[in-house]
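Below you'll find the structure, written out as structure tokens, and then a few comments.
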Amino acid sequence: MRLSGLIQKIVFIFPFCLPFFADAQDYTQTVRGTIIDRDTELPLVGANIIVVGIDPILGTVTDIDGHFKIEGVPLGRQTLKISYLGYEEQTIPNLLVSSGKQNVLQIKLVESLVKLEEITITADGPEKGHVNNEMATVSARAFTVEETKRYAGSFDDPARMALSFAGVTSNDDVMNELVVRGNSPRGMLWRLEGMEIPNPNHFGELGSSGGGISMLSSHMMSNSDFYTGAFPSEYGNALSGVFDMRMRKGNNEKREYAIQAGLLGTDVAFEGPFDSAYGGSYLINYRYSTLGILNKLGLDIVGDAVPVFQDMSYNVVLPTEKSGTFSLFGLGGINTIEEEWTSDDELLTFKNDVNNKTGIAGITHKYWLNDKGYLKTVVTASGSSMRYFEEVLDSNGNLQHITHDEDFTNKNLRGTVLWNHKANARHTFRVGVIGSRLGYDLLSTIYDKEDDRYVTSQKTDGHTYLAQGYASWNFRMNTKLTLNSGIHYTRLMMNDQQSLEPRLGMKWQFHPRQSFNAGFGVHSRVEDPSIYLAQTELTGGVIAQPNKNLGFAKARHYVVGYENRLTENLNLKTELYYQDLFNVPVLNRPDSYVSSLNSTGGYTTDSLINSGTGKNYGVEITLERYYANQFYFLATASLYQSKYTATDKIERNTMFNSNFATNWLGGKEWNVGKNGKNNAIGISGKVVWAGGRRQTPILLEESIAAGYTVRDESRVFAERAPDYYRFDFQFTFRRNRPKTTGTWKLDIQNVTNHENLWSYYYDDRTQSIRESKQLGLLPVLSYKFEF
């Protein structure tokens, strides 16, 4: 049965399974959490919390540990207002309260610079886009887990959700790799709990930053930050963007469970306290490929190439009375896929086996030195293994020979210590060091058809070290002006390459609703060990490593921005940026056009040198209506240029220079049921219109003569594919029972089935240039049950 046919049957049955009009009684839930100082993260005793719009007034105050609990909160979207003497008042809008799960919050308040009786300052919560890291002033956006679930086309994936932000594009319907401001996706940094991690996506290739499906379950995530340029000084080893992910803590008072089944995966999550008298908690999630399960049951839905994956993540919090708080966290995933291609004459079949494994395990310790600051220590062990195995079979299915065999394993140990000190309401300092032991075991062989022999391009194992250090200073000069400055240092012991990188940011709130910000930073990116250790065979059989002393690719980021809160819930933001890329690895050949700025992953055995340059510049506009009155929208537009220069000294478009990108996203919710409160229907739609990916034209006559694709190397990336269009749609139905919540969701990518162009290729059988199309309509149905 075809996937579309199965979905049509499910979608037809789906509406009849929804008891829209069932319960007439009012259900309530408990909302609780902790109120802390933003800079010291110490509890605030006696803070006031009220639920806005409830009559009679519903609220409480925090206890000696900063904890609060409000029972009997009506279901639906609620707004909390938090106030504390000497601190800026904060509002948490549109908190989704459901019967199947308690809301456990951690809310950070900012100490006021002025006396409370002179002025009252209201700070919006993370729901309204403010980043969690106070050291960031430009090109930063906070996002919530609820947004990854609410945005059409996101599939609960933070990377796909980020495609709705200004300056972020992909033009790839299958992979979730992100092109940030025209940069290669290789420049993306992923962090989890404050530590760099391997690519946390299934079906990613060596050196890439994305994949087909995220390993990060929405059950595990907490509010996190995403950066597109001029990052604060604590972020190193990144050129284009940063995902700074955080895991949420499990409920430390009540055991809760969630089961989610969908076409992409089946999840089971559980959380709760170790003991009712102890503040510790656990949170665990496991997921297995639904298509893999169906295939094992004999249901052939997607053909022979079935993507099979599984992943597990956990977060265990262990507080102590005098020794601080410990936590154990981890993330691991395994994925496999087998693909076969047979020519029309059935004389030859290629068979590929892809097997990837990724795992991260870590421990954190936070210890408060005094009422001014704390130490945070994180130690992680991580590993990634990528095996690619290509065979050539004859028409009888017998193995002829292995044409390509890659087996790359990286095993890393990382540790960091961060000292955060708040001198007073104006000055906060942050200093940290990061040490990494980078282990590798690399093997790659390719069959040379002309010489009828196997050539080894990689065969090495060992380890090296990476040292990083940073310092930051947050200076709140007055209620209107904030300065963030810092420096980051990186040194790779393998070849003694190093980089000293200054960072500077500023925000000027010159009007209660308007602000101006600016930022500058130097940033660098360390290559994968497979690049440094690539082997080539010289005359006489001598093996050389031409890239052993390759330096870091670097960039200078310049950003200025303006923000205007037009109304309470409507915000306009624009940024101008210029990125000057230098020291870029390019092919060490005279008059070459090859640059690493056009690479998305993989590795090369060719000799590289750091003589390449590039530049990205553009303007971004974001108009966002924050979720209010059950309605929201997000409209973004980006105009940009992305250029590069290799050893031929000719400035060209990069492969990612699509020139423009626009997104229109919006959604609406309605309460349904006899009392109009307990259940809700939601819809969300997203329209993408962007420039197509750059192409190098194909020379037809030369390709016919050669029998394979020959491209016009005088016009590298000179042509842009037709514009990229896509419309995504999401429908949700959420039903609350006394102690359970069930949520149906139908997420349809590319509703109109518009097949965007991926690339052109030469077909020697027809001696013509043909088009390679992208994925068409993809519906994903899921059901989540929380109790």
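The values are calculated or read from the model by the stated rules, or taken from the named source; none is laboratory data. These figures come from a predicted structure and were not determined experimentally. Reconstructed Cβ throughout: ideal geometry from the backbone, glycine too, with neighbour counts over all protein chains shown. Heads up: the accessible areas ignore ligands, DNA and RNA and are worked out on the full protein's heavy atoms, side chains in. Shrake-Rupley method; radii C 1.70, N 1.55, O 1.52, S 1.80 Å.
Of the residues screened, Asp267 is not one that is among the charged types (D, E, K, R) and under 18 Å from Thr144 (Cβ atoms). When residues in the stretch 462-484 are screened for being open to solvent by 30 Å² or more (accessible area, probe 1.4 Å), touching a residue at least 60 places away in the same chain (Cβ under 8 Å) and hydroxyl-bearing (Ser, Thr, Tyr), 2 of them pass.
In this structure, is Phe203 of a type outside the set (A, V, I, L, M) and closer than 30 Å to Lys101 by Cβ? So Phe203 does not fit the description; no.
Yes or no, residue by residue, for (1) surrounded by fewer than 23 Cβ atoms within 10 Å (Cβ to Cβ); (2) among the acidic types (Asp, Glu); (3) assigned to a strand (DSSP E or B); (4) in contact (Cβ under 8 Å) with a residue 60 or more places away in the chain:
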{"position": "Phe226", "(1), (2), (3), (4)": "no, no, yes, yes"}
{"position": "Ala230", "(1), (2), (3), (4)": "no, no, no, yes"}
{"position": "Gly272", "(1), (2), (3), (4)": "yes, no, yes, no"}
{"position": "Tyr282", "(1), (2), (3), (4)": "yes, no, yes, no"}
{"position": "Tyr286", "(1), (2), (3), (4)": "yes, no, yes, no"}
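Within the stretch 65-87, being touching a Lys or Arg at 6+ places or on another chain (Cβ under 8 Å) and outside any strand (DSSP E or B) holds for one residue alone: Leu75. Residues in the stretch 166-185 that are within 25 Å of Asn753 (Cα to Cα) and out of contact with any Lys or Arg (no Cβ under 6 Å at 6 or more places or on another chain): 11 in all. Within the stretch 765-784, the set of residues being more than 24 Å from the chain's Cα centre (by Cα) and open to solvent by 70 Å² or more (accessible area, probe 1.4 Å) comprises Arg765, Thr766, Gln767, Ile769, Arg770, Glu771, Lys773. Across the stretch 439-461, the number of residues qualifying as open to solvent by 20 Å² or more (accessible area, probe 1.4 Å) and touching a His at 6+ places or on another chain (Cβ under 8 Å) comes to 4. For the stretch 750-764, residues that are surrounded by 12 or more Cβ atoms within 10 Å (Cβ to Cβ), in a strand (DSSP E or B) and not small (Gly, Ala, Ser) total 5. Against the test of being of a type outside the set (Phe, Trp, Tyr) and either out of contact with any Gly (no Cβ under 7 Å at 6 or more places or on another chain) or open to solvent by 30 Å² or more (accessible area, probe 1.4 Å) (or both), the options Asn671, Asn679 yield a single qualifying residue, Asn671.
Among the residues of the stretch 627-652, write down those that are surrounded by 20 or more Cβ atoms within 10 Å (Cβ to Cβ) and either under 26 Å from the mean Cα position of the chain (by Cα) or on the phi > 0 side of the Ramachandran plot (or both). Correct list: Tyr627, Tyr632, Leu634, Thr636, Ser638, Tyr640, Ser642, Tyr644.
Of the residues making up the stretch 89-103, those that are part of a strand (DSSP E or B), polar (S, T, N, Q) and in contact (Cβ under 8 Å) with a residue 60 or more places away in the chain are Asn94, Ser98, Asn103. Of everything in the stretch 238-249 that's open to solvent by 10 Å² or more (accessible area, probe 1.4 Å) and not aliphatic (A, V, I, L, M), which residue is farthest from the chain's Cα centre (by Cα)? Among residues in the stretch 238-249 that are open to solvent by 10 Å² or more (accessible area, probe 1.4 Å) and not aliphatic (A, V, I, L, M), the one farthest from the chain's Cα centre (by Cα) is Lys249. Just checking, does the stretch 601-615 include any residue being acidic (Asp, Glu) and modelled with pLDDT of 95 or more? No, because not a single residue in the stretch 601-615 is acidic (Asp, Glu) and modelled with pLDDT of 95 or more.
Is at least one residue of the stretch 56-64 of a type in the set (Ser, Thr, Tyr), closer than 25 Å to Arg513 by Cα and either in a strand (DSSP E or B) or at pLDDT below 85 (or both)? No; the residues of the stretch 56-64 include none that is of a type in the set (Ser, Thr, Tyr), closer than 25 Å to Arg513 by Cα and either in a strand (DSSP E or B) or at pLDDT below 85 (or both). Exactly one residue out of Lys357, Lys351 is of a type in the set (D, E, K, R), more than 30 Å from Trp419 (Cβ to Cβ), in contact with a Ser or Thr (Cβ under 6 Å, 6 or more places away or on another chain) and at pLDDT below 95: that is Lys357. Among the conditions (1) free of Cβ contacts under 8 Å to residues at least 12 places away in the same chain; (2) touching a Pro at 6+ places or on another chain (Cβ under 8 Å), the only one that Lys649 does not satisfy is (2). I'm told Ile259 meets every condition in (1) assigned to a strand (DSSP E or B); (2) in contact with a Leu (Cβ under 9 Å, 6 or more places away or on another chain) except one. Can you identify the failing condition by its number? Tallying (1) assigned to a strand (DSSP E or B); (2) in contact with a Leu (Cβ under 9 Å, 6 or more places away or on another chain), Ile259 fails exactly one: (2).
Against the test of being under 23 Å from Ala544 (Cβ atoms), within 25 Å of the chain's Cα centre (by Cα) and not hydroxyl-bearing (Ser, Thr, Tyr), the options Leu443, Leu504, Leu492, Leu438 yield a single qualifying residue, Leu438. From the list Thr567, Thr574, the one residue that fits, being β-branched (Val, Ile, Thr) and part of a loop (DSSP other than H, G, I, E, B), is Thr567.
Each residue in the stretch 42-64 was checked for being within 12 Å of Val31 (Cβ to Cβ), β-branched (Val, Ile, Thr) and out of contact with any Lys or Arg (no Cβ under 7 Å at 6 or more places or on another chain), and 3 pass.
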